[in-house]
Amino acid sequence: YQRRVRGAEIDYTAITPESILKEWNDKLLLRGWSQSKEEQGIAVYSREPEGDRPPTFRAQATLAGVTPELAFEAFINPKIRLQWDTSLLEFKFIKQLDNGGELIYMSMPSQFKGAIVPRDFTDIAVIHNDPKKKKYIFAYTTVSHPEHPPIPAFVRAQHYSCGVEITGIPSEPNLAKIVVMYQINFGGWTPRPVTSAYVSGWVWETILHLKTALRDFPKIFVMPKGIEQPPILSDETIEIE
């Protein structure tokens, strides 16, 4: 069983965007990843935890027919994300913090026929844009914040530097590599095998649903004329039908 969440008690002032980004990059470089699945062009890897943290699950694939900027926008723009990511009930940016991080909120419905009751997260997020290298990272860690305390209808869960990294391929402007990585303590008393099985499937489905949404992008989203690449998180650039 997973222990009740302690990480969510970390005060938001103790976490910086730099520390979140460092943990994200460090985890990708760690050894000991084991491939558990490859289906529809999406490979899933897992890594056993150190200490009392839960396992980490990573999915990766190549996105065809889309620029990395557009794929990244589809992942981090709440108006778009909530249309294709059925695992989320709510996803919103609350405010920008003094340290440059973004305070965000996510909630998810019950899973496994109620075995995992609704969870929510209040996180500090970092958005790392490197247009020259065509590398974009959105990573987040759960904290406590006085403006968004736990909600009675949800169990407050814990993200450990979760998120997405999307990188362009220089020789192929309409191809992008994507990595989605989740390390989550769901709190409560849900057995770890149940949560691990869920996260392993969830990380795979996240990329699958994004690939499907991007394939149907012209049917769903209207890009204004003359705009080749959307600015990140620009409500004026992408209009939702």
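The values are calculated or read from the model by the stated rules, or taken from the named source; none is laboratory data. None of the values given here were measured: they were computed from a predicted structure. Positions of Cβ are backbone-derived with ideal geometry, glycine not excepted, and every protein chain shown enters the neighbour counts. Side chains are part of the model used for accessible areas, which takes the heavy atoms of the whole protein and leaves out ligands, DNA and RNA. Shrake-Rupley method; radii C 1.70, N 1.55, O 1.52, S 1.80 Å.
Given q = 0.11, 0.17 Å⁻¹, what are the Debye log10 I(q)/I(0) values for the stretch 18-97, with equal point scatterers placed on the Cα positions and solvent ignored? Rounded to two decimals, the profile gives -0.44, -1.05. Note that the stretch 34-47 has calculated 3J(HN,Hα) couplings of 10, 6, 10, 6, 8, 8, 6, x, 10, 9, 10, 10, 10, 9 Hz, one per residue in order, obtained from phi through the Karplus relation 6.51 cos²θ - 1.76 cosθ + 1.60 (θ = phi - 60°); glycine and proline are x. The fraction of accessible area contributed by carbon and sulfur in the stretch 1-93 is 47 percent, rounded to a whole number (1.4 Å probe; ligands and nucleic acids excluded). Spin-label model, GLU172/LYS79: points 7 Å from Cα along the beta carbon direction are separated by 3.1 nm.
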